[in-house]
Amino acid sequence: MLTLESITTAPTATTRDEAIREAGERLVARGSVTPDYVDAMFAREAEVSTFMGSFLAIPHGTNDAKQAVLASGLSVARYPQPVDWDGNEVRFVIGIAGKDGGHLEILAKIAQIFADQSQVDRLLAAQTDEELYELLSGVND
């Protein structure tokens, strides 16, 4: 699910909504979802915040958007400056789309990584997309 092409250490968003759009557009670009899924990501955020703690937000679509998911996929952006996510600082935005529940195990692995402060520190210190990919690639196992 995670590929080097789905990661960026140089995103351009400066607001929560821009970051959600960027995450969704990366999922569209890799063929995981249709553009309708991006709208569903905003609908989900309106229902409940996708801020998870540890500088992490995981925007994703609503259950009604299942038809917009073509294949399970992730998009990862690490922001150089914190994005204000409804009063919380976010440095990592991981967009996720799951086909047939395939994303649930990935979510558990992401949660495990971000529960470990030393892992978060390493992710924050990564200098390149490749380095960030290497640190996160365990989610594919």
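The values are calculated or read from the model by the stated rules, or taken from the named source; none is laboratory data. Keep in mind the model is a prediction, meaning the values are calculated, not measured. Reconstructed Cβ throughout: ideal geometry from the backbone, glycine too, with neighbour counts over all protein chains shown.
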Query raised in the report: Does V120 meet the test of being assigned to a helix (DSSP H, G or I), surrounded by 17 or more Cβ atoms within 10 Å (Cβ to Cβ) and over 14 Å from the mean Cα position of the chain (by Cα)?
Result: yes
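Results for (1) at pLDDT 95 or above; (2) buried (at least 23 other Cβ atoms within 10 Å of the Cβ), shown as yes or no for each residue.
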{"residue": "E5", "(1), (2)": "no, no"}
{"residue": "A13", "(1), (2)": "yes, no"}
{"residue": "A19", "(1), (2)": "yes, yes"}
{"residue": "R30", "(1), (2)": "no, no"}
{"residue": "A65", "(1), (2)": "no, no"}
Report task. Sort out which residues of the stretch 23-39 are more than 22 Å from G87 (Cα to Cα) and either of a type outside the set (V, I, T) or free of Cβ contacts under 8 Å to residues at least 12 places away in the same chain (or both), and write them in order of number. Result -> E25, R26, L27, V28, A29, R30, G31, S32, P35, D36, Y37, D39
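Looking only at residues that are among the polar types (S, T, N, Q) and farther than 23 Å from L4 by Cβ in the stretch 67-82, which one is surrounded by the most Cβ atoms within 10 Å (Cβ to Cβ)? So that I can check it myself, show each step before the final result.
In the first step, residues of the stretch 67-82 are kept if they are among the polar types (S, T, N, Q); the result is 67, 72, 75, 81.
Checking the rest, the ones that are also farther than 23 Å from L4 by Cβ come to 67, 81.
On the way: Q67: 10, Q81: 7.
It comes out as Q67.
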Query raised in the report: Which one of these does Y37 not meet: (1) at pLDDT 95 or above; (2) in contact with a Phe, Trp or Tyr (Cβ under 8 Å, 6 or more places away or on another chain); (3) closer than 28 Å to D141 by Cβ?
Result: (2)
Query raised in the report: Given the conditions (1) small (G, A, S); (2) surrounded by 20 or more Cβ atoms within 10 Å (Cβ to Cβ); (3) farther than 22 Å from A126 by Cα, which single one is not true for G95?
Result: (3)
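Criterion first (over 11 Å from the mean Cα position of the chain (by Cα), at pLDDT 95 or above and surrounded by 19 or more Cβ atoms within 10 Å (Cβ to Cβ)) does A57 satisfy it?
It is false that A57 is over 11 Å from the mean Cα position of the chain (by Cα), at pLDDT 95 or above and surrounded by 19 or more Cβ atoms within 10 Å (Cβ to Cβ).
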Query raised in the report: Residues in the stretch 87-104: is at least one among the charged types (D, E, K, R) and part of a strand (DSSP E or B)?
Result: yes
Query raised in the report: Does A71 satisfy the condition of being assigned to a helix (DSSP H, G or I), of a type outside the set (V, I, T) and farther than 22 Å from L135 by Cβ?
Result: no
Query raised in the report: Taking into account only those residues within the stretch 60-79 that are over 10 Å from the mean Cα position of the chain (by Cα) and in contact (Cβ under 8 Å) with a residue 60 or more places away in the chain, which is farthest from R26 (Cα to Cα)?
Result: Y79
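Could you grab me the full set of residues in the stretch 35-54 that are among the hydrophobic types (A, V, I, L, M, F, W, C) and either buried (at least 21 other Cβ atoms within 10 Å of the Cβ) or closer than 24 Å to F114 by Cβ (or both)? Spell out the reasoning first.
Quick first cut of the stretch 35-54, residues among the hydrophobic types (A, V, I, L, M, F, W, C) only: 38, 40-43, 46, 48, 51-52.
Hits for the stretch 35-54 are V38, A40, M41, F42, A46, V48, F51, M52.
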